[in-house]
Amino acid sequence: MVATTFWESFFLFMLFLPLAMTWAMALMDIFRRDDLSGWSKALWVVCVIVVPFLGTLIYLVTRPRGVEPEERLAMGPTDRYAGRYAPSSDLSELTALADLHDRGQLADSAFAADQARLLGAESVPA
C-alpha cells in the first residue's frame, strides 16, 4: 500500500480538485450557452482542453453575463425594459412642486415655470 504524505493530500484536496471542478464547470457552461455557434463552442472546448487552466481562465474572464436562459431569468428585467415601464420621475416631481406651492413655499411664477418645464409646454397661461 502506498502511503500519501500530508502535502500530497493537501495538494490534491485544496488545489487540484477545485481547479478540476472549475475546468469541468467551464466545459459544461460552454455546451449550455445558446449564444455561441457550433464552431465557437468547438473552439472554446479545444482551448479549454488543450490548455486546461489558462484556457479556462481566459474563458471565464471573457464570458459575458446573462448568456444562458437561466441567468437571464435570474437577472430580471434589463435596463432597457425597466426604463420603459418604470414610473416616471416627472410625476413625483410635479407632486412635490404642487405640495410646495400649496404650502406657500413656491411662488406662482416659479411653480408655473417648473410645471411647464416638466410637462414640456412652451408656456403656461397665467
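The values are calculated or read from the model by the stated rules, or taken from the named source; none is laboratory data. Note that this is a predicted model, so its numbers are computed, not measured. Just so you know, the surface numbers come from the protein's heavy atoms only, side chains and all, with ligands and any DNA or RNA stripped out. Shrake-Rupley method; radii C 1.70, N 1.55, O 1.52, S 1.80 Å.
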With 0.36 nm assigned to each residue of separation and the Cα-Cα distance removed, Asp99 to Ala113 gains 3.5 nm
Heavy atoms of the protein only, probe of 1.4 Å, neighbouring chains included. What is the accessible area of Met25 in Å², nearest 10?
110 Å²
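Let a ≥ b ≥ c be the square roots of the eigenvalues of the Cα gyration tensor of segment 1-63; is it rounded (a/c under 1.5), or, if not, prolate (a/b larger than b/c) or oblate? Please list the in-between numbers first.
Numbers: a/c = 3.21, a/b = 3.01, b/c = 1.06.
Prolate.
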For Phe31 and Leu57 in one chain, what is 0.36 nm times their gap in residues minus the Cα-Cα distance, to one decimal in nm?
7.7 nm
Sorting Phe10, Phe111, Phe31 on solvent-accessible surface, 1.4 Å probe, most exposed first, gives Phe31, Phe10, Phe111
